[in-house]
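Quick one: this structure, given as structure tokens, is what I'll be asking you about.
The values are calculated or read from the model by the stated rules, or taken from the named source; none is laboratory data. Quantities reported herein were computed from a predicted structural model and do not represent experimental measurements. All Cβ positions, glycine included, derive from the backbone under ideal geometry; neighbour counts span all protein chains shown.
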There are 2 protein chains.
Amino acid sequence: MWLLYQFPLCPFSRKIRLLLSEKNVPFDLAREDPWAASDMFFNLNPAGRTPVIVNAEKNITIPDSRAIAEYFEETVDRNPMINGTATQRAEIRRLVALFDENFYADVTAPLLSERMKKRILRQPPDSGALRNAMKMAHGHLDYLDWLIDNRPWVAGSTMSLADLAAAAQISVADYLGGIDWAGHEQSRGWYAVFKSRPSFRPLLTERMETIKPPPHYALLDS
Amino acid sequence: MWLLYQFPLCPFSRKIRLLLSEKNVPFDLAREDPWAASDMFFNLNPAGRTPVIVNAEKNITIPDSRAIAEYFEETVDRNPMINGTATQRAEIRRLVALFDENFYADVTAPLLSERMKKRILRQPPDSGALRNAMKMAHGHLDYLDWLIDNRPWVAGSTMSLADLAAAAQISVADYLGGIDWAGHEQSRGWYAVFKSRPSFRPLLTERMETIKPPPHYALLDS
């Protein structure tokens, strides 16, 4: 059995949870907060980051969400998520990077810092940083609107790892109150479809201690 | 012909230049400074980052260094750089991520900010940030020493994209005076072998305007 080290609001772990569920790979969860990581965890991943996935029976340990995604793409044929020609696969991977790196740096990381880490440290959030993250979110959703206007799914004609990466980042930002859907009907429609998938349910019902999502977060029609 | 948009001290572009040279794929260079990027460049890559590779004849545009690396791995069989079993490939990819993300964030990015961007902006460097980057570099080189002690190349028995990612980051940090090799004989030996490869030569002779590397930077025996 696979064991995924993660914490509830880690967007990269959410991407892998969605991927494994969509590919019907069973897994258990182990809670690991990277800001309070144990020596055991640094031994699993010297980068000190979640997610890390472990299969003790097979003696396999894989850190890094993109390395994990490529591994399951290579070893589990069903429901491919990095599919198509080499050029189409490149389009999927560049969009995964756009959400993993740019959306994360611009939106998810500052929201996690202001609304989660500072709560843990009992510091007040910086309202300027929060406003800026929400402004950056609008820019990213404008681009997502444009993608969804031009193709059925984020990277092309079928659902791919790019959809999972986008939904994972957006779900954490939405949990932390950083997403204003007004004016983003295409993205909202795409995300509503996503929220209703069985793979998404466990994420929507999960809560991170003391941090409450806004009322619309887990509603399937908003 | 492939055209790679890059600037001389972009570590991610250096990784792709090494990869294409090692795989004998011919390419031209186009200079693009992301901090002064044109609208044309944002049209090529909404993420606004280098590298981006373009093949006008084939109408292919690929941003993101890992998407580019996977594309050439899939389309050019010779000299594979993400090779082996799925588990070995995962090990290569997790080490690429370690250098692309952790080494970059801890070492290369602060050095580029203090020693390149601030020079362009005519601001003084922050000596505390520089000291911290050099301290973090020692920690990363300790881990690289350990890897080289335990395997012939960074990710295993053959040269891989992990070696190229590590050498690309280290070469930029070394250019910017951030690497102190004292106490890192294993890493130094591995890097000396790397510097003497034909793929590395163009990087060592290239200079970024007004920023001079330390005397040892381009020497093959140090």
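List every residue pair whose Cβ atoms lie under 7 Å apart, where the two residues are 6 or more positions apart in sequence or sit on different chains, the first residue falls within the stretch A:179-193 and is surrounded by 14 or more Cβ atoms within 10 Å (Cβ to Cβ), and the second residue, located anywhere, is aromatic (Phe, Trp, Tyr) and outside any helix (DSSP H, G or I).
What qualifies is A:Arg188/A:Trp181.
For the stretch A:31-51, give me the residue count where each residue is buried (at least 17 other Cβ atoms within 10 Å of the Cβ) and either outside the structural domain of A:Glu70 (by TED's automatic domain parsing) or out of contact with any helix residue (DSSP H, G or I) (no Cβ under 9 Å at 6 or more places or on another chain) (or both).
1
Kindly indicate whether any position in the stretch B:12-19 is surrounded by 15 or more Cβ atoms within 10 Å (Cβ to Cβ) and over 22 Å from B:Val76 (Cβ atoms).
No, that holds for no residue.
Could I ask something else about it? Does A:Gly48 qualify as being among the small types (Gly, Ala, Ser) and within 15 Å of B:Ala97 (Cβ to Cβ)?
It is true that A:Gly48 is among the small types (Gly, Ala, Ser) and within 15 Å of B:Ala97 (Cβ to Cβ).
Report, by residue number, each residue of the stretch A:71-111 that is in contact with a Leu (Cβ under 9 Å, 6 or more places away or on another chain) and acidic (Asp, Glu).
A:Glu73
In the stretch A:145-164, what residues are part of a helix (DSSP H, G or I) and either in contact with an Asp or Glu (Cβ under 6 Å, 6 or more places away or on another chain) or among the hydroxyl-bearing types (Ser, Thr, Tyr) (or both)?
Passing the criteria: none in range.
Quick check on the stretch A:181-189. Is at least one of its residues of a type in the set (S, T, N, Q) and not assigned by TED's automatic domain parsing to the domain that holds A:His140?
No, the stretch A:181-189 contains no residue that is of a type in the set (S, T, N, Q) and not assigned by TED's automatic domain parsing to the domain that holds A:His140.
Turning to a different aspect of this structure: Please enumerate the residues belonging to the stretch A:82-105 that are touching a helix residue (DSSP H, G or I) at 6+ places or on another chain (Cβ under 7 Å) and closer than 25 Å to A:Asp142 by Cβ.
Passing the criteria: A:Ala90, A:Ile92, A:Arg93, A:Arg94, A:Leu95, A:Val96, A:Ala97, A:Phe99, A:Asp100, A:Phe103, A:Tyr104.
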